[in-house]
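S.K.: Have a look at the structure that comes next, please.
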Amino acid sequence: MEHAMQTLRGLHTHALTGRVFAWLGQYEVEGTEVRWQAWIERDGRPVDRIEGRTVFNSADMTADKAVTVGVHSRIDAADYDDL
């Protein structure tokens, strides 16, 4: 069965540097997992493309929230110092 990809976008301020990053993500739900990919930008310039899988099995965790948490944590873990 084919699932439609959902789109999500957001902004995230890097936890250590305070720099603001925009991101556009796509995701697909597979049971209690969400598979996602996101394109990261800073000041309108492409910075990175990331992807991951996240489990969202608690009552208050939606697929949108799971993707947002995954993207934000990956941005915080990245070293974008030379931008």
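What follows draws every value from the coordinates through simple rules; no lab data is involved. Model, not experiment: these values are computed from the prediction. Cβ atoms come from the backbone with ideal geometry, glycine included; neighbour counts cover every protein chain shown.
S.K.: Going through region 41-81 one residue at a time, which ones are under 20 Å from residue 6 (Cα atoms), touching a residue at least 40 places away in the same chain (Cβ under 8 Å) and among the β-branched types (Val, Ile, Thr)?
M.R.: Passing the criteria: 67, 68, 71.
S.K.: Then there is this: Output the number of residues of region 1-36 satisfying the condition of being without any contact (Cβ under 8 Å) to a residue 60 or more places away in the chain and closer than 16 Å to residue 77 by Cα.
M.R.: Taking region 1-36 and keeping what is without any contact (Cβ under 8 Å) to a residue 60 or more places away in the chain, we get 1-7, 9, 11, 13, 18, 20-36.
Now narrow it down to the ones that are closer than 16 Å to residue 77 by Cα: 11, 13, 18, 20-23.
Result for region 1-36: 7.
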